[in-house]
Amino acid sequence: MSSSQVHANGNKSNKPKTNGNLHPDQHGARVEPPADGGKLIVLTAPLTETIDHAGYFIQMGMASMPIWMEGVLNRKYPKWRDVEYNDDGSAKYMPAGTRVLEASLQREFNSDDIAACLPDDLHKFVGPNTRVVAVSTHNPLGVTFAAGVYTSIFGSSKMPINSHYARLMFQQIKSNPYRDNFKVIVGGSGGWQIIQTDLYDELGVDCVVEGRSESLDTLELFRKAIRGEDLPREVEVKHPTTREGIIFPDKRTTFGVVEMTTGCGRRCQFCLPDLNPQIDLPKEQIMKAVRANVREGNKQISLATEDMFIWGQVHTDTPFYFPNREALVDLYTDIVNTPGVEQHVLSHSTIAPAVVDPILIKKLSDVLLPQSPIHLPYLSSHPQKKALTPLIGLETGSVSMGKKIMPSKGVPFSIEDWPSVVIQGLTVLNANNWFPAMTLIVGNPDESDEDVMATLDLIYEVERRGLFAFFIPSVFTPLHDTRMEMKKGVTETMQLSPLQWQLIMKCWKMNLRPGQYSWWAPTAWRVGAIGLWMYKLRKLNGPNFKWPLLMFSSAMSEKMMGRLGKIYTGKPITVKSRKELIAGLKPHYLQYLRADNGDLPEGYTSAARAMRAPMALPVLS
Ligand code: B12
Ligand code: SF4
């Protein structure tokens, strides 16, 4: 069926359900319906998932801070609501998922029948002709890692700022005067939250799609909606399995997000993206999408990936955990040298590649640091104090927990060596001005005090060595469809043990170090934290929270608290050197290591080269 037919049929069979030409908008004002009768398909996403001018951290903050703290953000970023528009009022930029959906739909429907807009502008595009409002959302209810825990510490677990705005968007769609004429289809990485909480009716959602918009099943669903047929509440659609199957939008995306890889390969039990096929996307397509962003006024680019280091090494003769140095440096060099690209930020990575190939990190720093918008004056040795902050999963410092939930997290190194891999990796990263944001999971199923103590030992080791990462602890959330879907973790902050609280608060105490170099900051934190505890937090979080909070606020020295038996002060861990880590590798892995990084076993280099290219190289003794 062509989209123009749909258009005509829609006009004939479905009259607007309101009287007269004017209808009230969400604020009660009377507004004109769209002059063209509205678009057949209207795409939207929450405002807080679309904004991109203040860097990644603003969205991450909004995912974690409760709505009652919105004023703090308003003061820090008074213009955070300012977004850009095209001449017709559609959004100048939208989250990458919305843009890919738009491009996927354009394979079947006429571009003129599709509009992508912000929730406040829905009335400009939704009219009697509209048959689908498609929502893309990352984290609508805030029930995922990290986001849930911080809002629940502050007391309103279900309403982080982002969720508030997502709900506002759903309300705007639900109260649209033409609501009876169209179906609401939701997709994106946060769609499962609606399924899991069964909030379809409250949010006014007809169908949640799990999976990618490229799927032919997604197209069929839109056709069905346009024909006015009933939709299933939940649809699972397939992920493309080849590079060619992934669509790249030719439009501007939030943060200039361009897909780099899908899947991962390390197979952590709690991980959702790892269930997708491992694909590294073609450089030409990535570059085209980068240029499209720049053409439409974007100055920033970020490549979306679970692990940037697998790019260029997927389905090659070399295992993906030995990064392809030349390919990566070439890709990033071309991106940052694209005329118009002024800023580049890293998304996710793993830490073992920094131990596998430290020279790669150095080379990437040379390329990427000048374009990084992130400045860490008290940490960076770069002349302009620039820094790179990839998101890296630390998850746990406990080897026994690591074996259960992420046995391959550190490959090629054994999970037995995980604490050493973290310390050695962080040493390489920090030396090159990479200060990662490292996520930890607190409250894993069956987590024992020993497991938490092992993680604290690792955190104290980082501190002792003067290393730095932003540690972001989150409470275990069993993500839908993952291998740990049926596991139960901690559901309320009241259930956290003193050690789990200590881990959370120790991480935040360390994170604040670079911000505490003024004379007043430590005092402000101390007074603020104790005040907040007396006012609100002691009731919400229970008695186990008291000493960790006092530790956080530095009300008493940690040594003293340790002596009083109120906190655990950690014990030194034995950290293997890079050379020792390499010595413990499976022998056949050695051939993939780069000799210029050093630390190979005595006399190994030439034999390895001979093994890899027996015809091209003379065998040396
Ligand atoms: C870039 C990124 C960010 C950026 C930018 C986000 C943005 N608004 O653009 C930042 C750093 C800000 C961010 C923040 C967060 N993120 Co994030 N992020 C990503 C990342 C790396 C890429 C997202 C992306 O753009 N992918 C490319 C697009 C094309 O994919 P997509 O959005 O999934 O869209 C596809 C499908 O979902 C579908 N689709 C999308 N929309 C629709 C709509 C319809 C109707 C249909 C049918 C289909 C459909 O089709 C698209 C492709 O065809 C992903 C991991 C990943 N690889 O996906 C994590 C990820 C999505 N984020 C995650 C998390 C946990 C968060 C945070 C909660 C982290 C935190 N604690 O702060 C916050 C939440 C932010 C918020 N606003 O609430 C998790 C999701 C967990 C979940 N929801 O269950 C992921 C999977 C990372 C992970 N490994 O855990 N994130
Ligand atoms: S390393 Fe990260 S992306 Fe890969 S499987 Fe583990 S959690 Fe998932």
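Taken together, the values in this text are just the output of simple stated rules run on the coordinates, not laboratory data. Everything quoted here is computed from the prediction, not taken from an experiment. Glycine gets a Cβ as well: all are built from the backbone with ideal geometry, and neighbour counts include every protein chain shown.
Of note:
- Kirkwood hydrodynamic radius (C-alpha pairs) into Stokes-Einstein, region 227-275, 20 °C and 1.002 mPa s, D in µm²/s: 149
- Three principal axis lengths of region 197-243 [C-alpha, angstrom, descending]: 38, 28, 11
- Eigenvalues of the alpha-carbon gyration tensor of region 42-92, scaled by 5 and square-rooted, set the equivalent ellipsoid semi-axes at 22, 12, 10 angstrom, largest first.
- In straight-distance terms, cross-link reach from residue 559 covers every one of the aspartates and glutamates whose alpha-carbon lies under 19 Å from its own, apart from those fewer than eight places away in the same chain; here that gives 457, 461, 463.
- When the alpha-carbon atoms of region 243-305 are used, the pair Rg, Dmax equals 12.9, 40 angstrom.
- Projecting the alpha carbon convex hull of region 273-332 along each direction and taking the average yields 4.7 nm².
- Additional length obtainable on full extension of the chain from residue 108 to residue 403, 0.36 nm per residue less Cα span: 101.5 nm
- Spin-label model, residue 284 to residue 359: label points 7 Å out along the Cα-to-beta-carbon direction sit 3.1 nm apart.
- Across 251/283; 238/288; 403/576; 385/506; 509/566; 403/586, pairs whose alpha-carbon gap is larger than 21 Å: 238/288; 385/506
- A Förster radius of 56 Å, combined with the Cβ-Cβ distance separating residue 602 from residue 557, puts the computed FRET efficiency at roughly 0.75.
- Label-zone membership for region 55-85, site residue 342, 7 angstrom Cα→C-beta point, backbone N under 15 Å: 55
- Net charge contributed by nearby residues that have their C-beta within less than 10 Å of residue 292 (K/R +1, D/E -1): +4
- Two-site FRET efficiency, residue 586 against residue 267, from Cβ-Cβ distance with R₀ of 25 Å, rounded to 0.05: 0.90
- When the GluC sites (Glu not before Pro) in region 207-241 are filtered for DSSP coil states and for at most 12 other beta-carbon atoms within 10 Å of their beta-carbon, the remaining sites are 229.
- Theoretical FRET efficiency, 1/(1+(r/R0)^6), r = Cβ-Cβ of residue 299 and residue 512, R0 30 Å, to 0.05: 0.50
- Whole-number D in µm²/s for region 163-283 (Stokes-Einstein; Kirkwood sum over Cα pairs; 25 °C, 0.890 mPa s): 151
- Isotropically averaged projected area of region 227-335, using the convex hull of Cα atoms (one quarter of hull area), nm²: 9.4
- Full-extension gain in nm, residue 250 to residue 202, via 0.36 nm per residue minus C-alpha separation: 13.8 nm
- The Cα atoms of region 414-478 cover 36, 22, 21 Å along the three principal axes, with the biggest extent listed first.
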